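Everything on this sheet refers to the single structure shown next.
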Amino acid sequence: MRNFSFLIGLLALLLGCSDPKTRPETADKLKPILVLVNPPDGADAPLQPLNGDAWQPPVLGQSVTLQFHFIGPADLAPLTLRTGEVEPRVLTVPFNDWTIAAADPHDYPGLRHVTIEAVGTTPTADELVDYWAQYPGVDFVRLRYTLIVSDGTRELPLAGDFVVYRDANSPGAKDNLFGSSIDSPAANVPVTDKKLTISSTLQFPEDEDIKIGWYASAGEIKNRRAASTEWELPGSGEYTLILTVRGKEARNGDIQIRPVTLP
């Protein structure tokens, strides 16, 4: 009984020492938040809805760009990205032949937003004859990657996959989420209350479920997976709100950033 009481006391002490301000939506440390496939112009600093009208879908035998998005505190150290070992997965083809660009940081109130691009040339259809034989009748393939991001003190593995089509006319190839927007709070208009309604308009591709993510420099977001929810600010100041949208099948997505001021 004495040992049990000791364990209960230790647990209470540990819980009391935990940081109650740490939340999944806040930019309190390095966090990967999104990967865009063949990002349109302006995706590195998306203060306006992105235009997907001229979007080029990833096609076999052509160049493809993955744009990785990260957030962190305003003093986030410079980031580096390198390839890692690709773990095999069913229904995917390993791919790790990337040329990685330097990190591109953008500072907003209370946080740093960083993008890093990895560029590669996808396999040709002829190089995937074994895949087509195993999965006849499909017009796309999933390429799987593993990259590792570092801020100098910690490393995070980034493992995922994305769809590459036989050609640009394959079913679903033109579908994308670009053009999703933050509707509230409005741009360039100071807010008047520390409890805000935040809402978005989403561009839905055909036949694809999506995953929403809200992020902020500070405060608490009630439901960061809802298209419309509430955000409570700590008090007067300048803040940043980020909306991300990701397709669960094609893995492509969208992002918008909104600076917010509470006088």
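The values are calculated or read from the model by the stated rules, or taken from the named source; none is laboratory data. Here the structure is a predicted model, which means the values were calculated and not measured. Positions of Cβ are generated from backbone atoms using ideal geometry, with glycine treated the same way; all protein chains shown enter the neighbour counts. With ligands, DNA and RNA removed, areas are computed over all heavy atoms of the protein, side chains included. Shrake-Rupley method; radii C 1.70, N 1.55, O 1.52, S 1.80 Å.
Looking at this structure, is residue 91 within 22 Å of residue 32 (Cα to Cα), of a type outside the set (Val, Ile, Thr) and in contact (Cβ under 8 Å) with a residue 24 or more places away in the chain? Criteria not met by residue 91. Residue check: is residue 151 within 26 Å of residue 96 (Cβ to Cβ), among the acidic types (Asp, Glu) and surrounded by 14 or more Cβ atoms within 10 Å (Cβ to Cβ)? Spelling it out, residue 151 is indeed within 26 Å of residue 96 (Cβ to Cβ), among the acidic types (Asp, Glu) and surrounded by 14 or more Cβ atoms within 10 Å (Cβ to Cβ).
For region 160-175, the set of residues classified as over 23 Å from residue 83 (Cα atoms) and assigned to a strand (DSSP E or B) consists of 165 only. Does any residue in region 94-110 that is within 11 Å of residue 79 (Cβ to Cβ) come within less than 6 Å, Cβ to Cβ, of a residue that is assigned to a loop (DSSP other than H, G, I, E, B) and open to solvent by less than 40 Å² (accessible area, probe 1.4 Å) six or more places away or on a different chain, and which pairs are these? From region 94-110, the pairs are 103/79. Selection of region 48-66 for residues being out of contact with any Pro (no Cβ under 6 Å at 6 or more places or on another chain), more than 18 Å from residue 202 (Cβ to Cβ) and either at pLDDT below 95 or buried (at least 19 other Cβ atoms within 10 Å of the Cβ) (or both) yields 54, 56, 57, 58, 59, 60, 66. Tallying residues that are more than 18 Å from residue 248 (Cα to Cα) and of a type in the set (Gly, Ala, Ser) within region 141-171 yields 4.
Yes/no matrix, rows are residues, columns are (1) within 22 Å of residue 39 (Cβ to Cβ); (2) at pLDDT below 95; (3) touching a Lys or Arg at 6+ places or on another chain (Cβ under 8 Å); (4) in a strand (DSSP E or B):
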residue	(1), (2), (3), (4)
102	yes, no, no, no
105	yes, no, yes, yes
118	yes, no, no, yes
132	no, yes, no, no
